[in-house]
């Protein structure tokens, strides 16, 4: 089956996305956002046990990459998934890993 090749600029963008997702702490933050929806930095610190400075750094980078949306409400900044494929991607990979482990 012949499928068209993905253009180089798209491949580079996909590689960048996977590079950002390749850090376990970021995946844990994404998992918390996927499970609970929009949360503040403080809520994510509590959910993950990470230091606030690390959580803020990772959230900022993921927001810059377009993975997260953020909004300010007074002194709080709320983060939410901004890419609908993220939750599905993590679930698919997790299922595959579980299936492999069971075999």
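The values are calculated or read from the model by the stated rules, or taken from the named source; none is laboratory data. Here the structure is a predicted model, which means the values were calculated and not measured. Cβ coordinates were reconstructed from backbone atoms using ideal geometry, including for glycine residues, and neighbour counts include every protein chain displayed.
Go through the stretch 56-88 and count every residue that is surrounded by 13 or more Cβ atoms within 10 Å (Cβ to Cβ) and either in contact (Cβ under 8 Å) with a residue 40 or more places away in the chain or more than 21 Å from residue 18 (Cβ to Cβ) (or both).
Within the stretch 56-88, residues that are surrounded by 13 or more Cβ atoms within 10 Å (Cβ to Cβ) and either in contact (Cβ under 8 Å) with a residue 40 or more places away in the chain or more than 21 Å from residue 18 (Cβ to Cβ) (or both) number 13.
Show me the helices (runs of 4 or more DSSP H) entirely contained within the chain in which 2 or more residues are more than 13 Å from the chain's Cα centre (by Cα).
Values: elements: 8-21, 24-36, 41-48, 52-64, 85-102.
Fully inside the chain and qualifying: 8-21, 41-48, 52-64, 85-102.
How many of the residues in the stretch 16-25 are surrounded by 11 or more Cβ atoms within 10 Å (Cβ to Cβ) and farther than 24 Å from residue 49 by Cβ?
Of all residues in the stretch 16-25, those surrounded by 11 or more Cβ atoms within 10 Å (Cβ to Cβ) come to 16-17, 20-21, 23, 25.
Narrowing further to those that are farther than 24 Å from residue 49 by Cβ: 16-17.
Residues flagged as surrounded by 11 or more Cβ atoms within 10 Å (Cβ to Cβ) and farther than 24 Å from residue 49 by Cβ within the stretch 16-25 amount to 2.
Would you be able to say whether some residue in the stretch 31-49 is under 21 Å from residue 16 (Cβ atoms), in contact with a strand residue (DSSP E or B) (Cβ under 8 Å, 6 or more places away or on another chain) and modelled with pLDDT under 95?
Looking only at the stretch 31-49, we keep the residues that are under 21 Å from residue 16 (Cβ atoms), and these are 31, 33-34.
Now restrict to residues that are in contact with a strand residue (DSSP E or B) (Cβ under 8 Å, 6 or more places away or on another chain): 33-34.
Those left that are additionally modelled with pLDDT under 95: 33-34.
Yes: the stretch 31-49 contains one or more residues that are under 21 Å from residue 16 (Cβ atoms), in contact with a strand residue (DSSP E or B) (Cβ under 8 Å, 6 or more places away or on another chain) and modelled with pLDDT under 95.
Somewhere in the stretch 28-36, is a residue out of contact with any helix residue (DSSP H, G or I) (no Cβ under 8 Å at 6 or more places or on another chain) and surrounded by fewer than 17 Cβ atoms within 10 Å (Cβ to Cβ)? Quick ask: steps written out before the conclusion?
Looking only at the stretch 28-36, we keep the residues that are out of contact with any helix residue (DSSP H, G or I) (no Cβ under 8 Å at 6 or more places or on another chain), and these are 35.
This time we only want the ones that are surrounded by fewer than 17 Cβ atoms within 10 Å (Cβ to Cβ), so: 35.
Looking through the stretch 28-36, at least one residue is out of contact with any helix residue (DSSP H, G or I) (no Cβ under 8 Å at 6 or more places or on another chain) and surrounded by fewer than 17 Cβ atoms within 10 Å (Cβ to Cβ).
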